[in-house]
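Scroll down for the structure; my scribbles are underneath it.
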Amino acid sequence: MWSPEKEDGGPPAPARSLTPRHRILTALLYCTGDMEHFGKIMEVPDRPFPLQLVDWLLRGVARVILANNPLSGALILAALVMASPWQALLGTVGLTASTLTAVIIGQDSAEVAGGLHGFNGMLVSLLMGVFSSAGDWYWWLLLPALLGGATCTFLFSGLAPLLDKWDLPVAVFPFNMVIVLFLSATGPHNAYFPHYPATPPGATEDLNHTMLDVPQLLQGVVLGVGQIYACGALPSTLLILGAVLIFSPIMCVHALLGSGIGTLVGLSLSVRHAALYSGLAGFNGALGCMAVGGLFFTFSWRTHLFAIASAFLSAYADIALSNLLGTVGLPACSWGATLVATLMLLLTARNLSAYRIPIGRVGSPEHNLHKHRRWEEGAKEDSTDV
Amino acid sequence: MWSPEKEDGGPPAPARSLTPRHRILTALLYCTGDMEHFGKIMEVPDRPFPLQLVDWLLRGVARVILANNPLSGALILAALVMASPWQALLGTVGLTASTLTAVIIGQDSAEVAGGLHGFNGMLVSLLMGVFSSAGDWYWWLLLPALLGGATCTFLFSGLAPLLDKWDLPVAVFPFNMVIVLFLSATGPHNAYFPHYPATPPGATEDLNHTMLDVPQLLQGVVLGVGQIYACGALPSTLLILGAVLIFSPIMCVHALLGSGIGTLVGLSLSVRHAALYSGLAGFNGALGCMAVGGLFFTFSWRTHLFAIASAFLSAYADIALSNLLGTVGLPACSWGATLVATLMLLLTARNLSAYRIPIGRVGSPEHNLHKHRRWEEGAKEDSTDV
Amino acid sequence: MWSPEKEDGGPPAPARSLTPRHRILTALLYCTGDMEHFGKIMEVPDRPFPLQLVDWLLRGVARVILANNPLSGALILAALVMASPWQALLGTVGLTASTLTAVIIGQDSAEVAGGLHGFNGMLVSLLMGVFSSAGDWYWWLLLPALLGGATCTFLFSGLAPLLDKWDLPVAVFPFNMVIVLFLSATGPHNAYFPHYPATPPGATEDLNHTMLDVPQLLQGVVLGVGQIYACGALPSTLLILGAVLIFSPIMCVHALLGSGIGTLVGLSLSVRHAALYSGLAGFNGALGCMAVGGLFFTFSWRTHLFAIASAFLSAYADIALSNLLGTVGLPACSWGATLVATLMLLLTARNLSAYRIPIGRVGSPEHNLHKHRRWEEGAKEDSTDV
């Protein structure tokens, strides 16, 4: 029968009295899923603050791709360093700034420990680096990275009560808002912080005269997952995929599936080939697919179909918003996936809403599935008893 | 005295045991108002699904113009076929796609039966046809019409819980969002789905040097009602007006009044004469006027004045939004009327909110008025009793 | 000990039986703070309506700068007349139109008496005058000023229930919406209501080749407070500052501080020098700083730090939105400060939310502080008792 006190799936009370050797063992055993246990070990009161902070930051890194696992975070950070040390530095600055801001202004400590106040700041500073036309190692850029990261925490804290009324996650709304505001505030010809204007996917200067290169297209599907971190290098992307695999194989499959759907959508509207090959056409689809396929809904064939629909809608919305914002030189970032995933969470349609997991209980898809099964078995046994 | 069991205005229980002849008679008797009774007859369990679907679809057609009557829907569909068979086909495809999507994803069946999941899809596909520069009978356009219709249902289902917190209807928000996204996604020079850019009403290329042609202006007022269905032909518009008259004479008067106000507003800001003559300046006024004048508020001289104010605001908002969206080549569709009608529903001002009808009880204006009177009489009798 | 019946800080019951001489005395004594008492005297039933209206209107004038004091309103009105009689006339027309509309459509009379339905209309008509390119004393402009004022009341009444769910004030959202819609509707080349397009602060035509003029910069900081009323004259600005000082010295300091921060922010992004010298770069910072520093939060060193953060965010948001809206020739008005102040009110961060004052109890900062202290003393005494 289903025993509620075992709900968090970890071993019972002795956790706090483990020897160092045991701790390493436990960490190895539990390095998949959301490593809730590791988080708990790190929260032991006598643990030094810097060590705790590292756990929070690494979770923040992984949260960008909807994972909640410090090991995934470490792998992804390694992937970013491999692709560009400067970008990795920028990202870390934004990440740290937003996490520390959350500590300073007094946000809920459980949220901070879960890395919820880091990922938006990281994304903002990564994108600042990508769009900056001042080149790598332009140290002044650390200033807006710091400020942008801090602003994300303010936005997160302010949007939470708004979205909470419908049990919606804040997700990457703060990142999307801050980066659009930053790029608007500086403009392409700013004296201190110049940046490249965004190229909309429907830009006509690229005449699409050349034939489609299928291997490049397939590579673009894989790169779509890396583009979630604004990273366009293949080895790094593979490492990021590995990091997602550790957290959840179901999400890894959905990431690739969503990116593939995004690429298909790009083809259906004949976007620039460059957008297809670089993975830019795919990453919104990947995010939209991952959010619905297992994370916020219990995995089943029905939610799988909805995940595919979500990927399609995310990718179409992304192209529309990219063209729209492109008229004023702005990128659409992950607005498409964020809005569509929020829409999916709001859906009242019985065939999807029945699988909705309350935000407070969201874990890895496998964990969600496991809990759901135990709950169903419990319900069955209960009904047999009666 | 007011008897609550008679509230739905239909005859009592024997409805389910009527002979076919009686059914036809009843249908003729009840073909005005929202034909709630006909809907109930169609829902008899042994009724074949296609027949039920036709009722839902026809109600969906009428819902575009705020009517809820299958006969009105049939007349309007005939008007659209008369004006352009291709447009009528496109509209039907979108209508069917969104209604069937609602059935498949498991929306509330009462909503589906009321045609609530059809009208947005129909409007999207109609507008896709109007803006397409690929000419009539461009069969590929059926694909976005299908997809757009389905997307409307997702948006409807997701917006409902958001707006429900303030007892607001979803109205045509999904249509307005989807069409703007579709036109943004494809852009004017898309390889597969090219379209005309929208011409803002304040465009200066039209120099307004010529004198105003009063008969054309008056015709424009009438055409404003047809423009709700993106239809600019006079005979079809007259048929549509007839369809509204069947549902409710009060709404028919408000439609013409609102269109007239919209034309006046257009004159006050010296918009292009073409916008006045085609009825494009009037249709937002018509929608704004109809929504407040009897549908969502009990009809009285006060709500009538508010309906006039709503028409003015809708028409001004439409011109503002048309100019704004026109800078990126997009049309404002019915954003103006939709936003203003939503604002009116939110108004806390005593002189309007006292007449507000809860969304769940909205019927035809005459029906609303009738119920209100019975309720007042009941209240009076009750107080006499005491 | 804290006695709740003294909560409003005014003398007790005999207020209604004061002789005329006493009344004048009382008015002089209570002319600082929110002059709640004066408002009560004005509401005596036998007071003629025009006299009451003057109190409401003058409070409306002061509300623009977050003050609630008829004397401040009178001083500010005098400052506006001094700067430009035409602008002052326009402002009064909009103010009166929106207040009377509120009376006519039946808004809550306490809100009307507090001047809550006047300030948006005043701002709209002031900005209409500033942007109009038809010159002063273009009498036709009174028509949109009237209509715009009335529309503000509709928007205020409709937004209130939306924002009320999170205990947020409507603030100047209606003004910001109406002025953007008005400028969009007319467009720069309108035949009846032409206007200047807005110049974004990042405009590159101004080459910033000249050295910064520090005295002008400092003057710009002061002018930033006047720009809240779209007034760029130094003497008038000083009078406006005096009016704020009467209401609350804390707010006066925060206004200048915020304007200074806004100017710093402008320097950090190298905006046009003209924007710095005219105070346009500072007024959003001033508003953002005033709202957080004492008005909606009990004043303390923590809220003071948040007020500084709010000023920074408001000023950055203003530059971003100005550049963004500038691409379509529109100004950002006070969108930046309004959005950031709303964000601050939503913040769940413990270190700020603990100081939040419920909207219904907001008074002058000094009054808030006084009440908070009495409450704390009361709590201490209570705990001593136990």
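The values are calculated or read from the model by the stated rules, or taken from the named source; none is laboratory data. This structure is a prediction, so every number in the text was calculated from the model and none was measured. Here the Cβ positions follow ideal geometry from the backbone for every residue, glycine too, while neighbour counts run over all protein chains shown. Areas reflect the complete protein model, heavy atoms only, side chains present, ligands, DNA and RNA absent. Shrake-Rupley method; radii C 1.70, N 1.55, O 1.52, S 1.80 Å.
Sorted by mean Cβ packing within 10 Å, highest first, what order do the peptides B:348-358, C:335-345 take? Show your work: numbers first, answer last.
Working: B:348-358: 16.7, C:335-345: 25.3.
By packing density, highest mean first, the sequence is C:335-345, B:348-358.
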Quiz item: Shape call for the range C:162-236 from the C-alpha gyration tensor, a ≥ b ≥ c root eigenvalues: rounded (a/c under 1.5), prolate (a/b greater than b/c) or oblate?
Solution: oblate
Exercise. Return the residues of the range A:333-372 for which accessible area with all protein chains present is lower than in the chain on its own by 30 Å² or more; set the probe to 1.4 Å and exclude ligands, DNA and RNA.
Key: A:L343, A:L346, A:L347, A:T348, A:A349, A:R350, A:N351
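Report the Rg/Rh value for the range A:212-386, based on alpha-carbon coordinates and the Kirkwood definition of Rh.
Values: Rg = 17.5 Å, Rh = 16.6 Å.
Dividing the radius of gyration by the Kirkwood radius yields 1.05.
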Practice problem: On the protein heavy atoms, probe 1.4 angstrom, tell me the percent of accessible surface of the range C:248-294 carried by carbon and sulfur. | Solution: 85
Quiz item: So how do B:218-231, B:63-76, C:364-377 stack up, highest first, on mean other-Cβ count within 10 Å?
Solution: B:63-76, B:218-231, C:364-377
Exercise. Quick one: compute the contact order of the range A:53-205, relative version, from alpha carbon pairs under 8 angstrom and 6+ residues apart, as a percent.
Key: 22
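Quantify how strongly other chains surround peptide A:212-222 by giving the mean number of their Cβ atoms within 10 Å of each of its Cβ atoms.
On the way: counts 0, 0, 0, 0, 0, 0, 0, 0, 0, 0, 0.
Per-residue shielding by partner chains comes out at 0.
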Quiz item: In nm, what does the list of distances from B:L143 to its counterparts in the other copies look like, shortest first, when each label sits 7 Å along Cα to Cβ?
Solution: 5.0, 5.0
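Residues of B:251-258, mean number of Cβ from any other protein chain within 10 Å of their own Cβ, rounded to a whole number? List each step's numbers first, then the result.
Numbers: counts 0, 0, 0, 0, 0, 0, 0, 0.
Other-chain Cβ atoms within 10 Å of each residue's Cβ, averaged: 0.
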Self-check item: the range A:96-126-the range A:156-235 distance, computed between alpha-carbon centres (Å)
Solution: 21
Quiz item: For the pairing of chain B with chain C, what total accessible surface becomes buried, with a 1.4 angstrom probe, in square angstrom to the nearest 100?
Solution: 2100
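How much of the accessible area of the range A:305-386, probe 1.4 Å, is carbon plus sulfur, in whole percent?
Numbers: 2120 of 3550 Å².
The value for the range A:305-386 is 60 percent carbon and sulfur by accessible area.
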Exercise. Would you grab the residues whose amide H sits under 5 Å from the one on A:G363? Only those 5+ places off in sequence or on another chain, please, with H modelled 1.01 Å from N.
Key: A:N368
Self-check item: Computed over the range B:159-233: relative contact order in percent, which uses C-alpha pairs under 8 Å that are six or more apart
Solution: 11
Quiz item: Let a ≥ b ≥ c be the square roots of the eigenvalues of the Cα gyration tensor of the range A:107-190; is it rounded (a/c under 1.5), or, if not, prolate (a/b larger than b/c) or oblate?
Solution: prolate
Exercise. Decide, for the range A:155-301, between rounded, prolate and oblate: order the square roots of the alpha carbon gyration tensor eigenvalues as a ≥ b ≥ c, take rounded if a/c falls under 1.5, and otherwise choose prolate if a/b is larger than b/c, else oblate.
Key: oblate
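Is there a simple number for the mean count of other chain Cβ atoms within 10 Å of the Cβ of residues in C:176-186, and what is it? List each step's numbers first, then the result.
Working: counts 0, 3, 2, 0, 2, 9, 2, 3, 12, 16, 6.
Mean number of neighbouring Cβ atoms from other chains: 5.
Express the relative contact order of the range B:212-386 as a whole percentage, based on alpha carbon pairs under 8 Å and six or more residues apart in sequence. Present the calculation step by step, with values, prior to reporting the outcome.
Values: 278 pairs, mean separation 37.6, N = 175.
About 21 percent, as a whole number.
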Quiz item: What whole number of Å gives the distance from the Cα centroid of the range A:236-297 to the Cα centroid of the range A:300-355?
Solution: 13
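Find the accessible area per residue for the range A:90-176; the probe is 1.4 Å, ligands and nucleic acids are left out, and the unit is Å². Provide the component values of the computation, followed by the final result.
Numbers: 2710 Å² over 87 residues.
That works out to 31 Å² for each residue.
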Quiz item: When ranked by the protection proxy of mean other Cβ atoms within 10 Å per residue, highest first, what sequence do the peptides A:180-187, A:118-125 form?
Solution: A:118-125, A:180-187
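Residues of the range A:212-386: accessible area per residue at 1.4 Å, in Å²?
Values: 6280 Å² over 175 residues.
Value returned for the range A:212-386: 36 Å² of accessible area per residue.
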Quiz item: What are the label-to-label distances in nm, one decimal and shortest first, from C:V103 to the same spot in the other copies, with labels 7 Å along Cα to Cβ?
Solution: 5.9, 5.9
